[in-house]
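The values are calculated or read from the model by the stated rules, or taken from the named source; none is laboratory data. Owing to the predicted nature of the structure, the values given are computational and were not obtained by experimental measurement. Glycine gets a Cβ as well: all are built from the backbone with ideal geometry, and neighbour counts include every protein chain shown.
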Amino acid sequence: MSLVPSAEERSLDGAFPYRDRVEDLRRVLVQQGSLGLLLIDTSALAQIEHQYGSSAFAKVMGMARDLVLELKGHEVRHEDIICLNDRGGDAFLVFFSPKRRDGPLRIADLKAAADRVEGHINRKLSRLASPYLGSLRRVSVGFALALYNPLVMPERLVSRLVEEAWSCVHVLRAQRDLQDRCELQEVLLTDQLSTVFQPIVELRRRSVLGYEALSRGPAGSVYQMPLRLFEMAAEADLVFELDRKCRRRALVSAAALPRGVKLFVNVFPSAMYDPEFQGQALVALAEAQGLTPDRVVLEITEKSAIENYGVFVEALAELTRHGFSIAVDDVGAGYSGLEKIAHLNPRYLKFDRELVRNLDSSYIRREMTRALKAFADQIGSTIIAEGIEREGELQALLDLGIEFGQGYLLGRPAAAFLPPTTPTPTKVVS
């Protein structure tokens, strides 16, 4: 049997499990005196099947398969043996072939190869499968080395080698998770967060209604952008602590806001149960920064999980009694029903940027916007359209009677409070 995978093996469904290649692996053990293994763990991709179905899962696994095969001639040799851990399994196995010119394979060689392969696959998979992937770490690569022992059956040696590689994956993942948690804790403890502000603009007159506070991690770090910052906080179980720090930093930074404008602050549902965030405590925190409650708008994303809806609505009602306003973010993203949104009694509805994108050229999006505008009017809410980047989108919003918006066309997030951008004059249709 050739050490080079056949055409059948290049099919994900037809790839051989490593147990079908034991004779080839025995030859490597005898010739080389050892057998090195990289285990490419793709089990994290299984979440795609539960969220998007088997077709999407098969598509992404096909991408992962192709990326593994691309390793040949680059990160691994053409003679190296690529298998599955089992038929239809959730890991690819790369067994290193014999006759390496630079001496016997060492643990340091395997570790270096594992790091290269993990970085290579995750970079490419992140780009190719971005619509389906939300977590930061998709594929993990472990390694192990077996020494030839003529007293032990080759099947047992190879099976033990695979088990050790799985153990390596679990240990490396735990080490990285611990390191990420410690680094994020350090960011929180040393208050390395900052706040930038993006203007929310009255579309016809270009006057500023308020500024949305957006959190940033340390510049130049993996925590700089908010999406990654909160993804890593979720992995480290530090979302509540991060949200608390961001909220306080936003209020403190807003002390320099122009008088009279509103501050929009993003909050997670768990913030409703934070003693620092309840009733008079939040009033005192805001007023210490020169902000009266009527100038503070609390943004709750439509995508957030709200486990106890009744208790959550009661907590929001308490805040509104103290003068704070509520905005529901990401409306139109399709996660919650309109009835639930109405029960939150929001002062503002912020349209999801995907609904606004290419609004001028999409009949479906315009009709959705028209329907949501009618809903907002019925419950007494004001619409703010997010993600406005083009003149055509702005004109379409004006045509539909949308009063407020934000986006790069009107002003980018900045630490200083700059006036909104005045785009090229647009014909306003009354």
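Points to keep in mind about this one:
- Annotation note: Cβ proximity below 8 Å between a residue of the range 271-282 that is closer than 14 Å to Thr320 by Cβ and modelled with pLDDT of 90 or more and a residue that is charged (D, E, K, R) and assigned to a helix (DSSP H, G or I) (sequence gap 6+ or interchain) occurs for Leu282/Glu276.
- Checklist (1) under 20 Å from Ile326 (Cβ atoms); (2) in contact with a strand residue (DSSP E or B) (Cβ under 6 Å, 6 or more places away or on another chain) applied to Asp243, failing item: (2)
- Long-range neighbours under 9 Å by Cβ, at least six apart or interchain, first residue in the same structural domain as Leu37 (by TED's automatic domain parsing) within the range 103-118, second of a type in the set (Asp, Glu): Asp109/Asp102; Ala113/Glu75; Arg116/Glu75; Val117/Glu75
- Failed item in (1) in a loop (DSSP other than H, G, I, E, B); (2) among the polar types (S, T, N, Q); (3) farther than 29 Å from Pro218 by Cβ, with Thr320 passing the rest: (1)
- Taken over the range 1-60, the criterion of being among the aliphatic types (A, V, I, L, M), touching a strand residue (DSSP E or B) at 6+ places or on another chain (Cβ under 7 Å), modelled with pLDDT under 90 and outside any helix (DSSP H, G or I) is satisfied by Leu3, Ala15.
- Residue within the range 299-308 that is on the phi < 0 side of the Ramachandran plot, at pLDDT 85 or above and in the same structural domain as Gln395 (by TED's automatic domain parsing) present: yes
- Among the conditions (1) free of Cβ contacts under 8 Å to residues at least 60 places away in the same chain; (2) closer than 27 Å to Ser381 by Cα, the only one that Leu242 does not satisfy is (2).
- Matching residues in the range 254-279 - criterion: being buried (at least 17 other Cβ atoms within 10 Å of the Cβ) and part of a helix (DSSP H, G or I): Ala254, Pro269, Ser270, Ala271, Met272, Phe277
- From the options Ile388, Ile364, residue that is part of a loop (DSSP other than H, G, I, E, B) and hydrophobic (A, V, I, L, M, F, W, C): Ile388
- Ile379 satisfies every condition listed in (1) under 15 Å from Tyr211 (Cα atoms); (2) in the same structural domain as Lys350 (by TED's automatic domain parsing); (3) at pLDDT below 95 except (1).
- Among residues of the range 214-242, those that are of a type in the set (D, E, K, R) and crowded, with 16+ Cβ neighbours inside 10 Å, counted: 3
- Any chance Gly210 is more than 18 Å from the chain's Cα centre (by Cα), small (Gly, Ala, Ser) and surrounded by 17 or more Cβ atoms within 10 Å (Cβ to Cβ): yes
- Scan of the range 101-120 for residues that are aliphatic (A, V, I, L, M), surrounded by 13 or more Cβ atoms within 10 Å (Cβ to Cβ) and either in contact with a helix residue (DSSP H, G or I) (Cβ under 7 Å, 6 or more places away or on another chain) or not in a loop (DSSP other than H, G, I, E, B) (or both), ordered by number: Leu110, Ala113, Ala114, Val117
- Condition broken by Gln224, with the remaining ones in (1) free of Cβ contacts under 8 Å to residues at least 60 places away in the same chain; (2) under 30 Å from Asp399 (Cα atoms); (3) not aromatic (Phe, Trp, Tyr) satisfied: (2)
- Residue count, the range 209-253 (criterion: modelled with pLDDT under 90, closer than 26 Å to Val296 by Cβ and in a helix (DSSP H, G or I)): 5
- Residues (in a loop (DSSP other than H, G, I, E, B) and either touching a residue at least 24 places away in the same chain (Cβ under 8 Å) or surrounded by 11 or more Cβ atoms within 10 Å (Cβ to Cβ) (or both)) located in the range 147-200: Tyr148, Asn149, Val152, Met153, Asp191, Gln192, Leu193
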